[in-house]
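Mind looking over this structure? Questions follow.
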Amino acid sequence: MICPRCGSKLSDDAVTCGLCGQPVSNMAYPVAPAPTGSGMPRNTVAANSNRKLNVPGLVASLLFALGVFLPYVSVNLLIATGEFSLIEGEDGMLFLAVAIGAVIASLVGTKAMNIVLIILGAIAVLFAFVEAYHTFHELEYAALYSRNIGYYCTLFGSIGILGSGIYGLTKKN
């Protein structure tokens, strides 16, 4: 007979499955032929059934990544004006690495990846606030600088990454 849960072969007198621990009744299940050409064990689906896509984490990660490329700050001087994005500076690649890590963790969707999302979210929040402080508080002429859409995307995206990791850990299946 075969295990109704994972599909492994069992002896006819088995009470539980030796692989997954599923109790089996005395009712015999016929042994199904092994799938041809798949090369995958039958219990692969059961082992991966606890994976769920973290949609809020994915959206927040993409928002955070988008903020790296959008204009972060506008500079209005008397002679010239300009907009600058994070990717143009030294920190852009760090922001992008955190965003890519958060996208991957959101796609994997396990409980362990939610912990990774919390860590990456905390790093993203720290990066966002440090960059905002550096940009808007340490500049001599801070009144001439204004926040732009990239600032808000990175700020809300970083908070969203952190929140989605916490939500993923606390939600019930």
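Every number here is computed from the coordinates shown, using simple stated rules; none is lab data. This structure is a prediction, so every number in the text was calculated from the model and none was measured. No Cβ is skipped: glycine too gets one built from the backbone with ideal geometry, and neighbour counts run over all protein chains shown.
V24's amide H: which non-local residues (gap 5+, or another chain) put their own amide H closer than 5 Å, with H modeled 1.01 Å from N in plane and none for Pro or chain starts?
Long-range HN contacts for V24: T16, C17.
Between A132 and Q22, how high is the FRET efficiency from 1/(1 + (r/R0)^6) when r is the Cβ-Cβ distance and R₀ = 45 Å? Nearest 0.05. Don't jump to the answer; show the numbers that get you there.
Numbers: r = 53 Å, r/R0 = 1.19.
The computed FRET efficiency comes out at 0.25.
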